[in-house]
Amino acid sequence: LAARVLLPGSALALLILVLTLLFGRAWCGWLCPLGTLLDLVPSPRPAARRALPETWRRAKHFLWLTLLVAALLGNLTLLVLDPLTLVIRTFGAAFWPALERMVTAAEVAAYALPPMRPAVEALDRFLRPAVFPVETSLYRAPVLYTLALAAVLALNGLAPRFWCRYLCPLGGLLGLVSKIGLVRREVTSACTRCGACARICPTGTVRPDRDFASDPAECTMCLECQEACPYDAIRFPARPAPAPMEACDPDRRTALAALGVAVLGVALFRSDRAARRPLIRPPGARENNLEARCVRCGLCVRACPTGAIQPALLEGGLESLWTPVLIPRLGYCDYSCNACGQVCPVEAIPPLPLEEKRRAVLGRAYIDRNRCIPWADHRPCIVCEEMCPVPEKAIVLEEATVTDAAGQPVTVQQPRVVEERCIGCGICEYKCPVSGEAAIRVFPVEG
């Protein structure tokens, strides 16, 4: 919606909608990875649960309506709340790197024992680069992503699947579609009002005061009530008639509030564009209107073999939150790699052929002569020129006769960037031996 483009990946979204029209919120009950995690987290027993207001369920409708309006205005910042991207981003930028470090530590410890070395070497060849990167990657703010997911899971302490009941924007949208779903839960005359179904329902939608009926918008089709019923009184027949609206469903006030918040929020997010720090984007992404396409899933972060792609924090404003940026001091854009474009599910990073990707300009390198070893200290260093992957070399060396610290004339090779050849891959900055801030840095190309 934000980019006004229909992508092949949209077929998955349409498939989920068709599934919902047939079987209600079956996605939430059977396929959603976050829902699976929530089912594994303990929650209070029925007797210990506090009764929460039913109107709280309207919050998820407010969120998806706000997201929808913001998307129509070209902003996808609220997709950080999408359950799929929430899980993928956390596992890709926090849990998976942590697992890789634990495996590496175990390999190092085992390799110290000579009899174990052949097995360790074989395991390492199997794992890298197929499972883990060849070089250990560093990711920014992994604790932030972990805390975001942990907060969602911790809400289960208030009620089972609290996120699904009250906050999930995708669940809210699918719930509204479920109102006209074909298959829905039904209680037969065999019911004895024992209450087993109400006690076990993970979303609390079984209503004892309504003969244990449930709202199709809240039922996740998990079938737990059917399994728990001792009298086989619960069925899931096909009913083509729409279900009635409930007090917690979105109304006109919710829609107007979402419209106002979305318009105001997008305006505020864009009000500081002139003051934002420009960001280095993955190949082709800057020209591809990345912010209006990126769903913040983090798959490109996980796919980057050098760790160059990192989720943006606040350096590009809230509108760029968790979109991919290149941080050359942490990694470089490999000249022989186009993995980020291949894994992006929405083509926010375009799937460029390798030859075209090699010509994509990400930024320009600039030398700080006050920090560069040959320029400032008059000592030999040609690392940046050696590392430059461009065939005709974007960094050239020029001989100069200078005076060293002892007052003697010496000849050194001083690097110079040929701007029209530089693609901004960042390997020069990554490999620069100067401690702290590199003596050669890549800056984004304006425009």
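The values are calculated or read from the model by the stated rules, or taken from the named source; none is laboratory data. As the structure is a computational prediction, the values presented were derived from the model and not from experiment. Here Cβ is always computed from backbone atoms with ideal geometry, including for glycine, and neighbour counts include all displayed protein chains.
Of the numbered conditions (1) in contact with a Lys or Arg (Cβ under 6 Å, 6 or more places away or on another chain); (2) crowded, with 20+ Cβ neighbours inside 10 Å; (3) under 20 Å from Arg58 (Cα atoms), Ala243 fails exactly one; give the number of that condition.
(2) is the only condition that Ala243 fails.
If a residue has to be surrounded by 12 or more Cβ atoms within 10 Å (Cβ to Cβ) and either assigned to a helix (DSSP H, G or I) or free of Cβ contacts under 8 Å to residues at least 24 places away in the same chain (or both) to count, how many in the range 269-292 make the cut?
Going through the range 269-292 one residue at a time, the tally reaches 8.
Is it the case that the range 157-164 has a residue that's without any contact (Cβ under 8 Å) to a residue 40 or more places away in the chain, surrounded by fewer than 20 Cβ atoms within 10 Å (Cβ to Cβ) and part of a helix (DSSP H, G or I)?
no
Residues in the range 424-447 that are of a type in the set (Val, Ile, Thr), in contact with a strand residue (DSSP E or B) (Cβ under 8 Å, 6 or more places away or on another chain) and under 17 Å from Pro283 (Cβ atoms): how many?
Total satisfying the criteria: 2.
Which residues, counting only those in the range 118-156, are β-branched (Val, Ile, Thr) and not in a loop (DSSP other than H, G, I, E, B)?
Those that are β-branched (Val, Ile, Thr) and not in a loop (DSSP other than H, G, I, E, B): Val120, Val143, Thr146, Val152.
Yes/no per residue for (1) assigned to a loop (DSSP other than H, G, I, E, B); (2) touching a residue at least 60 places away in the same chain (Cβ under 8 Å); (3) crowded, with 22+ Cβ neighbours inside 10 Å; (4) β-branched (Val, Ile, Thr):
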position	(1), (2), (3), (4)
Leu6	yes, no, no, no
Thr20	no, yes, yes, yes
Cys28	no, yes, yes, no
Leu67	no, yes, yes, no
Gly74	yes, yes, no, no
Leu84	no, yes, no, no
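Condition first: surrounded by 13 or more Cβ atoms within 10 Å (Cβ to Cβ) and among the acidic types (Asp, Glu). Can you find one or more residues in the range 421-435 that meet it?
Within the range 421-435 (the criterion being surrounded by 13 or more Cβ atoms within 10 Å (Cβ to Cβ) and among the acidic types (Asp, Glu)), the answer is yes, since at least one residue qualifies.
Have a look at Val152, Val177 and point out the one that is β-branched (Val, Ile, Thr), surrounded by 15 or more Cβ atoms within 10 Å (Cβ to Cβ), at pLDDT 95 or above and out of contact with any Phe, Trp or Tyr (no Cβ under 7 Å at 6 or more places or on another chain).
Going through Val152, Val177 in turn, just one is β-branched (Val, Ile, Thr), surrounded by 15 or more Cβ atoms within 10 Å (Cβ to Cβ), at pLDDT 95 or above and out of contact with any Phe, Trp or Tyr (no Cβ under 7 Å at 6 or more places or on another chain): Val177.
Which of the residues that make up the range 291-313 are out of contact with any strand residue (DSSP E or B) (no Cβ under 8 Å at 6 or more places or on another chain) and among the polar types (S, T, N, Q)?
Thr306 - this is the single residue of the range 291-313 that is out of contact with any strand residue (DSSP E or B) (no Cβ under 8 Å at 6 or more places or on another chain) and among the polar types (S, T, N, Q).
Quick one: is Glu100 part of a helix (DSSP H, G or I) and either at negative phi or at pLDDT 95 or above (or both)?
Spelling it out, Glu100 is indeed part of a helix (DSSP H, G or I) and either at negative phi or at pLDDT 95 or above (or both).
Is one or more of the residues making up the range 128-137 modelled with pLDDT of 90 or more and surrounded by 17 or more Cβ atoms within 10 Å (Cβ to Cβ)?
no
Kindly indicate whether Ala110 is in contact with a strand residue (DSSP E or B) (Cβ under 8 Å, 6 or more places away or on another chain), outside the structural domain of Leu313 (by TED's automatic domain parsing) and part of a helix (DSSP H, G or I).
The answer is no for Ala110.
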